[in-house]
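Peer 1: Mind looking over this structure? Questions follow.
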Amino acid sequence: MASKALHQNAVKDDLAKLPALYEDCFHAISRRRSPAIFMTRVRTSRNPDPFNDEAIEVRRHIDDVLRSWAALVAERVGLPVPGPDRGAGIGGLTAFLVAHLDWLMRSAAATEFAEEVAALRGRAERLVNGTAPAHHLGECVEASCDGRLTARTAPGRAVASQIGCDRGHSWPPREWLLLSARIERREAS
Ligand SMILES: [Zn+2]
């Protein structure tokens with residue numbers, strides 16, 4: 001019983017962190033609007049901005065997962081799902097799930113719910129803390145290089161700080177505009 005209570009507290013803690021993490025992901029997007037990135041975005045139709053994409057995807061994922069669990073609870077207890085607006089009600093969704101956590105954690109889906117909420121928190125924290133997984137951008141653009149291009153993030157940074165290939169080519173942020181044009185040419189050829 002004690003371990004079950006601890007488990008439930010852990011889920012409650014994960015849920016409580018999600019509204020702030022959801023906001024922090026938004027700020028991670030905003031911080032990307034450095035001049036180099038802005039120019040890249042204007043210049044190219046294909047957006048080589050993997051961390052922006054990741055932040056948007058994490059937010060969408062948080063919203064989707066919480067909403068689907070809230071819908072399940074709402075159906076069982078005969079209440080409406082709070083916050084009908086997408087992206088506008090993460091606090092309302094988590095409060096609703098916390099209010100019905102006893103029921104959720106006694107249900108057959110308890111383990112799945114706990115794992116999904118923990119995964120949401122982990123993914124959002126990795127993004128916000130700048131340790132998001134590397135993002136692959138396809139093959140290296142250097143002639144006769146068969147490496148794979150990857151965007152990486154330095155510890156403590158919320159945005160990508162280096163793009164390089166696994167054979168040793170690398171491009172600092174000031175060269176991303178040029179690099180994005182080369183990626184685009186490669187994809188067009
Ligand atoms: Zn290379």
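The values are calculated or read from the model by the stated rules, or taken from the named source; none is laboratory data. Predicted model only: the values in this text are computed from it and were never measured. Please note: Cβ atoms are built from the backbone with ideal geometry, for glycine as well, and neighbour counts cover all protein chains shown.
Peer 1: Could you please find all residues in the stretch 154-164 being in contact with a Leu (Cβ under 9 Å, 6 or more places away or on another chain) and either at pLDDT below 65 or surrounded by 22 or more Cβ atoms within 10 Å (Cβ to Cβ) (or both)?
Peer 2: Passing the criteria: ALA158, ILE163.
Peer 1: Mind checking which residues of the stretch 107-117 are surrounded by 15 or more Cβ atoms within 10 Å (Cβ to Cβ) and within 20 Å of the chain's Cα centre (by Cα)?
Peer 2: Hits for the stretch 107-117 are PHE113, ALA114, GLU116, VAL117.
Peer 1: Check whether at least one residue in the stretch 122-138 is farther than 21 Å from ASP64 by Cβ and at pLDDT 85 or above, and report yes or no.
Peer 2: Yes, there is a match, as at least one residue in the stretch 122-138 is farther than 21 Å from ASP64 by Cβ and at pLDDT 85 or above.
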